[in-house]
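For reference, the structure discussed in these notes is given below.
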Amino acid sequence: FWLVSVDVRQHEARHRETCRELFRPPERSFEDLSIDERREFFEELILAREISTATDEDLSADAREVFNTLRCVASVSDHFEPAAVRDLVISNTENAVSAIELLALARVACIVKLSEDGTLDSPINIVPLFESIESIRRATEAMECLYRSPAYRKQLAARGMRQQIMLGYSDSVKDGGYLAACAALEEVQRALVAQADRYDIELEFFHGRGGAIARGGGPTHNAILAQPIGTVRRRIKITEQGEVIAIKYGTIDSATFQLERILSATLEASLPANALTPARTIPKTWSEAMRELAVLSRGAYRSLVYETDGFVDTFYAMTPIQELSELKLGSRPAKRSNTRRIEELRAIPWTFAWNQNRVLLGSWYGAGSAFSSWLSQPGETRVARVARLQTMYRRWPLFRGMIDNLSQVLVKVELHIAACYAELASDVPEAAGIFERIEAEFRSTMRGVREIAGDRDVLAYDPDLRERLAIRAPYLDTLSYLQVELLSRKRNRDADLEAIDRAIHVTVNGIAAGLRNTG
């Protein structure tokens with residue numbers, strides 16, 4: 001009784017800790033091994049006939065959970081249906097060792113078996129997930145090491161020389177802002193496909209998209225067509241999350257429509273380059289402009305989010321992040337560890353919180369500074385630079401999608417309401433200055449998007465959506481003002497905090513339903 005394959009996903013740090021407890025390198029402790037030595041140790045272990053491991057009693061509860069999950073996968077594969085669990089995804093992959101470690105664990109758990117002739121019998125795919133911008137930039141280095149690994153080559157051979165790679169949109173945007181993440185993802189896909197071709201490996205991308213623009217959201221059909229030429233080869237894997245599932249697939253008619261759109265886009269994107277219109281070829285000047293905009297955008301974004309004193313306190317004060325952490329939703333805790341650091345906060349609550357206070361910061365912040373700085377650089381007139389961006393918008397699907405997505409989120413930003421949330425942070429000395437920077441960046445981003453799209457009004461390309469948002473606005477605004485009042489009462493420790501919490505959760509649900517892309 002099964003419908004589709006189930007993915008099993010685990011953080012690479014938990015795999016590493018399980019390996020540390022399970023295996024005993026000869027003569028040295030696990031911690032003393034360099035990255036290369038760890039890789040060599042696990043490669044030998046994967047191809048060994050006999051493997052010595054610690055007993056279950058020696059494992060911590062966390063390590064036992066990780067290993068027992070893999071044993072369950074082995075049991076399902078052996079006794080029920082091998083295709084029921086196909087992909088083992090490694091969150092936060094940073095180098096090749098993460099994939100080699102998981103392959104070693106799969107070997108010991110008897111998912112992957114060593115045949116008499118020395119080949120591997122493997123019913124699963126090892127799927128590295130590159131999430132931060134830095135890990136995305138190093139993805140080709142990690143895959144190069146894997147493609148050269150004798151043990152991993154046997155895993156690839158067992159899977160028909162196919163490799164799946166997952167790309168993280170949420171964490172890359174949270175790490176460096178929207179423009180920087182889009183540029184990094186576009187560039188790495190081109191590089192990874194060229195690399196796989198050199199090794200005669202069939203590559204499939206798994207796009208970890210969320211509902212919000214800050215998590216890779218937007219029209220799926222357009223997003224598929226905007227992928228770099230040659231990176232969609234008859235197959236594409238995409239996550240659909242949260243309220244997006246109900247909106248797109250809640251009825252037979254809507255589900256049929258969405259699946260037809262995805263199928264048609266995948267077929268069109270799979271056409272060879274010479275069958276496509278010349279407008280989809282990317283001149284070098286466009287790629288250079290995109291790269292420069294990404295650098296400028298990331299600098300502006302990280303300057304505010306990670307380098308500004310008081311930003312963390314301002315964020316916790318002017319958003320309902322604490323209340324979101326208490327909601328009975330989501331598959332994981334809001335934080336990876338018990339700290340207030342932005343780095344440890346998961347991307348979903350980060351995006352959700354900024355959407356609730358109507359700032360939607362992660363979806364656009366940094367873009368305005370990038371446009372403004374790039375257009376004013378010496379060596380070329382501003383008019384010529386504007387004309388180049390306008391041409392990119394008309395002829396490059398990726399860039400057009402980025403600008404249109406920015407238009408969609410900018411029209412949802414309501415700074416007059418956000419200012420009420422900012423008053424909740426009045427006890428934070430730096431809060432007023434931080435909110436002024438947000439206001440200035442919003443105005444700059446709005447000017448840039450209008451200039452590039454050539455429209456006086458943002459979202460002019462979709463008047464129906466503008467009308468729907470205008471109809472919902474009075475109800476959303478009322479809920480937002482109510483939420484601000486409730487948050488103020490809670491923080492002033494008014495009576496009946498339980499009732500206040502329940503009311504806050506109701507407003508959270510209402511605002512999320514109105515925005516339609518909560519994260």
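If you go through the range 300-328 and keep only what is of a type in the set (Val, Ile, Thr) and part of a loop (DSSP other than H, G, I, E, B), you end up with THR308, THR319. Of all residues in the range 446-474, those that are touching a residue at least 60 places away in the same chain (Cβ under 8 Å) have Cβ atoms under 9 Å from Cβ atoms of residues that are open to solvent by 60 Å² or more (accessible area, probe 1.4 Å) and assigned to a helix (DSSP H, G or I), 6 or more apart or on another chain, in ARG447/SER372; GLY448/SER372; ALA453/ARG400; GLY454/ARG394.
Report yes if some residue within the range 361-374 is touching a Gly at 6+ places or on another chain (Cβ under 7 Å), open to solvent by 20 Å² or more (accessible area, probe 1.4 Å) and part of a helix (DSSP H, G or I); otherwise report no.
Our first condition is that a residue be touching a Gly at 6+ places or on another chain (Cβ under 7 Å); within the range 361-374, this holds for 365-368, 371-372.
This time we only want the ones that are open to solvent by 20 Å² or more (accessible area, probe 1.4 Å), so: 372.
From what's left, part of a helix (DSSP H, G or I): 372.
Yes: one or more hits.
Between ARG489, ARG493, the distinction of being over 20 Å from SER407 (Cβ atoms) and in a loop (DSSP other than H, G, I, E, B) belongs to ARG493 only. Evaluating GLU441 against the criteria (1) among the acidic types (Asp, Glu); (2) surrounded by fewer than 20 Cβ atoms within 10 Å (Cβ to Cβ); (3) within 20 Å of GLY366 (Cα to Cα) leaves one unmet condition, (2). Could we say that THR69 is of a type in the set (Val, Ile, Thr) and under 30 Å from TYR169 (Cα atoms) here? Taking the combined requirement at face value, the residue satisfies it. One residue stands out in the range 382-404 among those that are open to solvent by 30 Å² or more (accessible area, probe 1.4 Å) and of a type in the set (D, E, K, R): the one that is modelled with the highest pLDDT, namely ARG388.
Residues that are farther than 26 Å from LEU33 by Cβ and either among the β-branched types (Val, Ile, Thr) or touching a Phe, Trp or Tyr at 6+ places or on another chain (Cβ under 9 Å) (or both) within the range 64-119 comprise VAL73, VAL76, PHE80, GLU81, ALA83, ALA84, VAL85, ASP87, THR119, listed in sequence order. Restricting attention to the range 1-56, the residues that are under 20 Å from LEU70 (Cβ atoms), of a type in the set (Ser, Thr, Tyr) and over 32 Å from the mean Cα position of the chain (by Cα) add up to 3. Considering the range 80-94 alone, what residues qualify as being in a strand (DSSP E or B) and buried (at least 19 other Cβ atoms within 10 Å of the Cβ)? Once the filter is applied, which keeps residues that are in a strand (DSSP E or B) and buried (at least 19 other Cβ atoms within 10 Å of the Cβ), the range 80-94 yields VAL85, ARG86, LEU88, VAL89, ILE90, SER91. Here PHE23 meets each of (1) open to solvent by less than 50 Å² (accessible area, probe 1.4 Å); (2) farther than 15 Å from LEU103 by Cα with one exception, condition (2).
Here's a check for you: in the range 211-231, which residue that is part of a helix (DSSP H, G or I) and not basic (Lys, Arg) is modelled with the lowest pLDDT?
Filtering the range 211-231 down to residues part of a helix (DSSP H, G or I) leaves 213-215, 220-225.
Add one more test, that the residue is not basic (Lys, Arg), and what stays is 213-214, 220-225.
Working: ILE213: 64, ALA214: 55, THR220: 78, HIS221: 78, ASN222: 78, ALA223: 80, ILE224: 84, LEU225: 82.
Step by step, filter the range 211-231, then rank; the result is ALA214.
Give the range 148-161 a look and list any residue that's surrounded by 20 or more Cβ atoms within 10 Å (Cβ to Cβ) and closer than 16 Å to ASP87 by Cα, or say none. Scanning the range 148-161 gives TYR152, GLN155, LEU156.
If we keep just the residues of the range 21-43 that are free of Cβ contacts under 8 Å to residues at least 24 places away in the same chain and in a helix (DSSP H, G or I), which is farthest from PRO123 (Cα to Cα)?
Going residue by residue through the range 21-43, those that are free of Cβ contacts under 8 Å to residues at least 24 places away in the same chain are 25-34, 36-37, 40-41.
From what's left, in a helix (DSSP H, G or I): 30-32, 36-37, 40-41.
Values: PHE30: 29, GLU31: 31, ASP32: 33, ASP36: 27, GLU37: 27, GLU40: 23, PHE41: 23 Å.
It comes out as ASP32.
For the range 277-286, the count of residues that are at pLDDT below 90 and surrounded by 15 or more Cβ atoms within 10 Å (Cβ to Cβ) is nonzero.
Condition check ((1) hydrophobic (A, V, I, L, M, F, W, C); (2) in contact with a helix residue (DSSP H, G or I) (Cβ under 8 Å, 6 or more places away or on another chain); (3) open to solvent by 30 Å² or more (accessible area, probe 1.4 Å)) across all residues:
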{"site": "PRO463", "(1), (2), (3)": "no, no, yes"}
{"site": "GLN483", "(1), (2), (3)": "no, yes, no"}
{"site": "VAL508", "(1), (2), (3)": "yes, yes, no"}
{"site": "LEU515", "(1), (2), (3)": "yes, yes, no"}
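ARG49 passes every criterion in (1) in contact (Cβ under 8 Å) with a residue 40 or more places away in the chain; (2) assigned to a loop (DSSP other than H, G, I, E, B); (3) touching a helix residue (DSSP H, G or I) at 6+ places or on another chain (Cβ under 9 Å) apart from (3). Within the range 101-128, being among the β-branched types (Val, Ile, Thr) and within 27 Å of the chain's Cα centre (by Cα) holds for ILE124, ILE126, VAL127.
Inspection of the range 130-147 identifies no residue that is open to solvent by 10 Å² or more (accessible area, probe 1.4 Å) and on the phi > 0 side of the Ramachandran plot. In the range 94-112, the residues that are farther than 23 Å from GLU141 by Cβ form Cβ pairs under 7 Å with partners that are basic (Lys, Arg) and surrounded by fewer than 24 Cβ atoms within 10 Å (Cβ to Cβ), at six or more places apart or across chains, as follows: ALA109/ARG71.
How about the range 405-421: which of its residues are farther than 17 Å from GLY362 by Cβ and open to solvent by less than 20 Å² (accessible area, probe 1.4 Å)? ILE417 - this is the single residue of the range 405-421 that is farther than 17 Å from GLY362 by Cβ and open to solvent by less than 20 Å² (accessible area, probe 1.4 Å).
Scanning the range 407-425 for residues that are in contact with a Gly (Cβ under 6 Å, 6 or more places away or on another chain) and at pLDDT below 95 turns up nothing. Scanning the range 341-361 for residues that are modelled with pLDDT under 95 and within 14 Å of VAL449 (Cα to Cα) turns up nothing. If the condition is being in a helix (DSSP H, G or I), small (Gly, Ala, Ser) and open to solvent by 10 Å² or more (accessible area, probe 1.4 Å), then the range 56-79 contributes ALA61, SER75, SER77.
Evaluating GLN164 against the criteria (1) within 29 Å of GLU81 (Cβ to Cβ); (2) open to solvent by 40 Å² or more (accessible area, probe 1.4 Å) leaves one unmet condition, (2).
The values are calculated or read from the model by the stated rules, or taken from the named source; none is laboratory data. Given the structure is predicted, the values throughout are model-derived calculations rather than measurements. Note: ideal-geometry Cβ built from the backbone for every residue, glycine included; neighbour counts use all protein chains shown. Surface accessibility is based on the protein's heavy atoms, side chains included, excluding ligands, DNA and RNA. Shrake-Rupley method; radii C 1.70, N 1.55, O 1.52, S 1.80 Å.
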